[in-house]
Every structure is written in C-alpha cells, then in structure tokens.
Amino acid sequence: MKYIFLLTLLIFTSMQVQAQDVKKIQTAFKNSYTFENDNNIENSIRVLKDAYLDDSYEINLRLGWLYYQHSDFNESEKYYTKAIKILPYSEEAKFGLILPKAATGKWDAVIDIYKQILIISPNNTVANYQLGLIFYNKKMFSDAYVLFEKVVNLYPFDFDGLLMYAWSSLKIGKTKEARILFNKALMNTPNNASALEGLAILK
C-alpha cells in the first residue's frame, strides 16, 4: 500500500512538473512572438532559449526560423536539423531547412531536401514546383518538365505551373504543347509578358 502511495505521488508530482513546463514554454512562445513582431529578433530568440528543451520539436523549429530571420544561417540549420531528427517525416521542418541552405548557396543540399519531401509526399506541389525551378535554372529542362507536368496535372489552371510547364515544353522541343500552355496561362493572367514572349518565339 505504501508503494502504491509513493508511486501515485511520483506520478502526480511528474504531472505537476510537466504542467509547469508547458506553461513556461507557452509563455516563452508568447513573448517570442511579441518580440518578433517588434523586430527584436535577439530577444525573441533569448526567451525561447531560456525555456529550451533539447527534445522539443516546436522550440527547435521556431529557433530555426528565428536564426534564419537573424541571418545566422549556421544556427538556423542546426535547429532545423534537430527538429527533423525529432520528427523525421516533418515536411515543415524540411521546408524550413531549405531556407538557410538556399541562403548560403548549398543548392545540392536544397535539391536533396526537396527530393526527401517528394519521397514522403510525391504530390506536394510546392516541392515539385520549386525543384522544377531549380532544374530549369540549371538548364535541366527534361527534369523540370516532368515536375511542372505534375504540378499542372494537380492544379490545371495554376498560372505559375502553366507558365513554367510551357517554357519547359518549349525548351525540349514540344512546341505544340508549349503554344497551348502559353495560351492557357494568358487566360489566367492576360497580357503576361513572359507568356507573350514565349508565344512570340513560337511564331
């Protein structure tokens, strides 16, 4: 009976500590948002670090964002990476990690992260589109074409998808397809300069 009483007491005490921790973290987040809204990123970081828990996905994710805002890209990478280790399937943390990687020109790493996202979520239109843009700018037009094709299949009247699908089609010699796509893009956004340029090339 004494053992049960002690065990119950320990559980109750643990729950009280957890409740105190949750309250402390909630307050830290609230103050962090307030400081961020005032463009005081240093204090926004400080209040979260005062309540830091190494195994908190939420704190690590937010610190990744705040350090990115502070242009401390190494620290941003560190905290986003910690968040991913805690929840490996998190797409939001992977999208977050792309920010400091791109800011420091680590494009091979950026490509790899987008591919990781697409393994988890093959139809993620943001990842498909952004990776398509990278491939297009690297003149990997066939690879870009496949990704933009998927975006347009999922969102057939999305202007950005249509425009880049059109340009990719043009670059790989699919001129009839490109003409149709540029004209569809103009239905969405009349007089768009890029779509009109594409059609001018096709004349």
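The values are calculated or read from the model by the stated rules, or taken from the named source; none is laboratory data. Quantities reported herein were computed from a predicted structural model and do not represent experimental measurements. Note that each Cβ is placed from the backbone with ideal geometry, even for glycine, and that neighbours are counted across all protein chains shown.
Screening G132 with (1) more than 29 Å from A102 (Cα to Cα); (2) assigned to a helix (DSSP H, G or I) gives one miss only, at (1). Scanning region 46-60 for residues that are buried (at least 21 other Cβ atoms within 10 Å of the Cβ) and within 19 Å of the chain's Cα centre (by Cα) gives I59, N60.
Cβ-Cβ distances below 9 Å connect the following pairs, each with a first residue in region 178-202 that is over 12 Å from M164 (Cα atoms), a second residue that is basic (K, R), and a separation of six or more residues or different chains: L199/R179; L202/R179. Restricting attention to region 168-192 and to residues that are touching a Ser or Thr at 6+ places or on another chain (Cβ under 7 Å) and not acidic (D, E), the residue that is farthest from N137 (Cα to Cα) turns out to be L181.
Within region 59-96, the residues that satisfy the criterion of being in a helix (DSSP H, G or I) and either at pLDDT below 95 or of a type in the set (D, E, K, R) (or both) are R62, E75, E77, K78, K82, K85, E91, E92, K94. Here A102 fits the description: buried (at least 16 other Cβ atoms within 10 Å of the Cβ), aliphatic (A, V, I, L, M), within 14 Å of the chain's Cα centre (by Cα) and in the same structural domain as N31 (by TED's automatic domain parsing). State whether the residues of region 157-174 include one that is surrounded by fewer than 17 Cβ atoms within 10 Å (Cβ to Cβ), in a helix (DSSP H, G or I) and without any contact (Cβ under 8 Å) to a residue 12 or more places away in the chain. No, region 157-174 has no match at all.
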